[in-house]
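Values quoted throughout were computed directly from the atomic coordinates according to the rules given, and no laboratory measurement underlies them. Bear in mind that the values here come from a model prediction, so they are computed numbers and not experimental data. All Cβ positions, even for glycine, are placed from backbone atoms using ideal geometry, and neighbour counts span all protein chains on display.
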Amino acid sequence: MADADGEGALLPVPRNETITLQVGNRQFTTYAFTLKESGYLKTAITSGKWSPSRINGAFFLDADPEIFSHILQYLQRNIMPLFYDNIKGHDHALYSRVLQEARYLDIPGLAKWLEEKQYLKLVRVRTWTEEKKTTDWTDDGADEIVKVQSKWEVRKAFVCPRGISPHNGHPNACGRQCHNARVNGANMFEDRCTFRTVLVKRKVIVDAQACGMEELAEPKDVVAEEQLVDAHEE
Ligand SMILES: [Zn+2]
């Protein structure tokens, strides 16, 4: 019997029929057709040699159910496995276990994706610094603050030659008379003590669309803000 997709029918299980897999202590029910990308499962089902368990009628697969759940998400919805924690980073041990299972079940697309460590491209970590000029700043909570550094700092500040206080610190505010009043034609500066707080901030951006998790996608304006930050990075 010819299949519309040219993939070969999953006989004896028809396309619209569900199949229940007993994986370790968990059961997974899905369309048999969903499993077609796995060379191992496809052969097992179509060969007819794989018989349902006499106890509950499910097909037994000797695998870790947690690992298999990630495999099934891929087969069902093309969701790529992403195991990322803000503090610990990527869970490489878990990727490795899913890779082993993808190889065993003969799922070349998923195995290749994991071998090439494509998941690294899904997570970008941006760090940047932000300066607060007052001591009473508050955290807006929008980004993770990695480090706070506060210190007194001496900075050179422009002094108006005519002592006009709104001009102090703003050389462009001085007019011709101020310029003429300069001693030996040189600008004057004084040391000014300022309290400076530097925040090191961090944001993790997950490319949700690429791993099939659209609901976690960052809004567009956040991306724009990140690009702005990049431009300020040294
Ligand atoms: Zn002036």
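Charges at C-beta only: +1 for Lys and Arg, -1 for Asp and Glu. How large is the resulting dipole of segment 43-178 about its Cα centre, in Debye rounded to 20?
The dipole magnitude comes to about 720 debye.
Residues in segment 57-90 near a label at Gln100, defined as backbone nitrogen under 11 Å from the 7 Å Cα→Cβ point?
Counting only backbone N, you get 64.
What's the exposure ranking of Trp113, Trp152, Trp137, going from fewest to most Cβ atoms within 10 Å?
Trp152, Trp137, Trp113
If R₀ is 22 angstrom, what is the calculated FRET efficiency for the pair Lys132 and Phe189, using the beta carbon separation as r and rounding to 0.05?
Numbers: r = 24 Å, r/R0 = 1.09.
Computed FRET efficiency for Lys132 and Phe189: 0.35.
Could you work out, for segment 18-116, what percent of all Cα-Cα pairs fall into each 10 Å distance bin, beginning at 0 Å and stopping at the bin that holds the largest distance?
Reading upward from the zero bin: 15, 49, 27, 8, 1.
Which order results if Phe28, Phe60, Phe195 are arranged by neighbouring Cβ count within 10 Å, fewest first?
Phe195, Phe60, Phe28
Post the alpha-carbon centroid distance, segment 140-200 to segment 76-130, in whole angstrom.
The distance from the Cα centre of segment 140-200 to that of segment 76-130 comes to 49 Å.
Taking the Cβ of each residue in His70, His170 as the centre, tally the other Cβ atoms inside 10 Å and list the residues starting with the fewest.
Fewest-to-most Cβ neighbours within 10 Å comes out as His170, His70.
Size of the dipole of segment 18-116 about the Cα centre, Lys and Arg at +1 and Asp and Glu at -1 on the beta carbon, nothing else charged, in debye to 20? Walk me through the numbers before you get to the answer.
Details: 10 positive and 10 negative charges, 76 e Å.
Dipole magnitude for segment 18-116 comes out near 360 debye.
Please compute the net charge surrounding Gly24, taking Lys and Arg as +1 and Asp and Glu as -1 over other residues with Cβ under 11 Å from its Cβ.
Around Gly24, the charge tally is -2.
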